[in-house]
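See structure below.
The values are calculated or read from the model by the stated rules, or taken from the named source; none is laboratory data. Worth saying up front: this structure is predicted, and the values here are computed from it rather than measured. We place every Cβ from the backbone using ideal geometry, glycine too, and count neighbours over all the protein chains shown. Just so you know, the surface numbers come from the protein's heavy atoms only, side chains and all, with ligands and any DNA or RNA stripped out. Shrake-Rupley method; radii C 1.70, N 1.55, O 1.52, S 1.80 Å.
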Amino acid sequence: MKENIVIVGAGLAGATAARTLRSEGHTGPVILVGSERHNPYIRPPLSKDYLLGKEGEDKAAVVPPDWYAENDVDLRLGVSVTGIRPDAGTVQLNDGTSLPYQSLLLATGAVPRTIPLPGSELSGVTTFRTLDDSRRLRKLLDQGGQNVVMIGSGWIGMELAAAAATYGNNVTLLGLEDVPLTAAIGLELGGFFRSLHQAHGVNFRLPASAHELTGTDGAVSAVVTDSGEVLPADVVVIAVGVVPDVGLAHTAGLKVENGILTDESLRTSVTGIFAAGDVANALHPFTGEHYRSEHWSNALNGGKVAARAMLGLDAVHSAIPYFYTDQFDVSMEYSGFPDLAAGTEPVIRGSLEAKEFIAFWQRDSRVVAGMSVNWPRTSGPAQKVIKALITGRLQVAPERLADASVGLDQMLLPEA
């Protein structure tokens, strides 16, 4: 409880780990190092309520600003770690100093994927990942009347397109799939979200990719697609995913494969070093396979597990993956394993047309993932039941899943 613990990455995973260390009774030094100059924050509001002006930045804080000093956590912002020496038990900082550690947590997150796109340096072109990105995009969108081109049809691209359209901008979305989100949730439900966006004026070019950005006086003015179509653009957002930030881990000799490989307690291949959040490719006890998640719930749960493991407590990162999205008048929650759901057809309870339904994905008659859309709480705790079905490995007939006359809680009981 007295050892020196250094956390690299002052995001949700890192800040949650620091908070958990203190709540579990650790009294030794805790040093939390972050390259951004903002106190640790959560990311979901950046593409949702904060971007839409419904919430202030304070709502994104992991803990109140005074918490770090009050709990003797040494928060160092605007500081970069340039290297790790596992043999010496030190990390090197960009100011030339080094920090000793007995346990080290890497919570370095991920960085936006880049594409070699001519014109991407023009004003009005942005990627999206940080609070500063969200601030900048909000200023570009909130007056409305702009031509906005979104490059990327994944969850972030769709959320940003919804926000841009809500502000009254003319939005066109490019993506490599015939239907957006197909890789994540399949054709039928991807079509549901496409129709939702089209009903709110979003235009799609699918499949299509950007070939070049052109501009006037240093500012973007158009996107030229691979088919030669010229799309007017005052704002261009490149949202084509992220890649785990493994540079430090790689040079330190940790095992890296689609992130930093860890066991189920988030220990890396090097003794004394742990990883959590977007950067960790952790062994999941449910599947027996490594799984890397870029959603906030993974960072939250991973920060807690890593902290407890660093203190020698029993800790396993066994939470079922979860995320949510809000787009226009649709609120969606998803729990489960997309890889296990891939290639299967969802069982639908409710109505896509009414925008109120649950989709269940099964493999070998067992639920492996579930998505609830605008599901009323009076009809049962959808996500709680979905997670229980997954963890219980219960076999349920598809007809029973789809039958609205069978209560959700009854799914957890043997069939009569």
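What pairs can you find where one residue is in the range 268-285 and modelled with pLDDT of 95 or more and open to solvent by less than 20 Å² (accessible area, probe 1.4 Å), the other is among the hydroxyl-bearing types (Ser, Thr, Tyr) and assigned to a loop (DSSP other than H, G, I, E, B), and their Cβ atoms are less than 6 Å apart, with a gap of 6+ or different chains?
Listed by first residue and then by second, the contacts come to 275/268; 279/108.
Taking only the range 100-116 into account, find how many residues are surrounded by fewer than 20 Cβ atoms within 10 Å (Cβ to Cβ) and touching a residue at least 24 places away in the same chain (Cβ under 8 Å). Quick ask: steps written out before the conclusion?
Initially, the range 100-116 is screened for residues surrounded by fewer than 20 Cβ atoms within 10 Å (Cβ to Cβ), giving 100, 102, 110-116.
If we keep only those that are touching a residue at least 24 places away in the same chain (Cβ under 8 Å) as well, we get 100, 102, 110-115.
So the count comes out to 8.
Which condition breaks for residue 362 when tested against (1) touching a Leu at 6+ places or on another chain (Cβ under 9 Å); (2) open to solvent by less than 60 Å² (accessible area, probe 1.4 Å); (3) under 24 Å from residue 51 (Cβ atoms)?
Of the numbered conditions (1) touching a Leu at 6+ places or on another chain (Cβ under 9 Å); (2) open to solvent by less than 60 Å² (accessible area, probe 1.4 Å); (3) under 24 Å from residue 51 (Cβ atoms), the odd one out for residue 362 is (3).
Of the conditions (1) among the charged types (D, E, K, R); (2) open to solvent by 50 Å² or more (accessible area, probe 1.4 Å); (3) more than 24 Å from residue 131 (Cβ to Cβ); (4) touching a residue at least 12 places away in the same chain (Cβ under 8 Å), residue 217 fails just one. Which one is it?
(4)
Which one is farthest from residue 254 (Cα to Cα), of the residues in the range 294-324 that are surrounded by fewer than 24 Cβ atoms within 10 Å (Cβ to Cβ) and polar (S, T, N, Q)?
297
Being closer than 13 Å to residue 350 by Cα, in a helix (DSSP H, G or I) and touching a residue at least 12 places away in the same chain (Cβ under 8 Å) is the filter here; which residues of the range 393-406 pass it? Working first, answer last.
Looking only at the range 393-406, we keep the residues that are closer than 13 Å to residue 350 by Cα, and these are 399-406.
So of that shortlist, the ones also in a helix (DSSP H, G or I) come out as 399-402.
Passing the criteria: 400, 401, 402.
Give, as residue ranges, the strands (runs of 3 or more DSSP E) completely inside the range 67-113 that count at least 2 residues that are under 15 Å from residue 274 (Cα atoms). Steps first, please.
On the way: elements: 73-77, 81-85, 90-93, 98-100, 103-106, 110-112.
Of the strands (runs of 3 or more DSSP E) lying wholly inside the range 67-113, those with at least 2 residues that are under 15 Å from residue 274 (Cα atoms) span 81-85, 90-93, 103-106.
Considering only residues that are open to solvent by 40 Å² or more (accessible area, probe 1.4 Å) and at pLDDT 95 or above, which ones fall in the range 81-97?
Restricting attention to the range 81-97, the residues satisfying the condition of being open to solvent by 40 Å² or more (accessible area, probe 1.4 Å) are 82, 85-88, 92, 94-97.
Within the range 81-97, 82, 85, 86, 87, 88, 92, 94 qualify.
Among the residues of the range 32-73, which ones are among the small types (Gly, Ala, Ser), over 18 Å from the mean Cα position of the chain (by Cα) and surrounded by fewer than 21 Cβ atoms within 10 Å (Cβ to Cβ)? Can you show your working first?
Filtering the range 32-73 down to residues among the small types (Gly, Ala, Ser) leaves 34-35, 47, 53, 56, 60-61, 69.
Pick out the ones that are also over 18 Å from the mean Cα position of the chain (by Cα) and you get 34-35, 53, 56, 69.
Residues satisfying the conditions are 35, 53, 56, 69.
Can you give me the ranges of the strands (runs of 3 or more DSSP E) entirely in the range 345-392 with at least 1 residues that are farther than 18 Å from residue 329 by Cβ, in contact with a Lys or Arg (Cβ under 6 Å, 6 or more places away or on another chain) and among the charged types (D, E, K, R)?
Numbers: elements: 347-351, 356-363, 366-373.
So the answer is 366-373.
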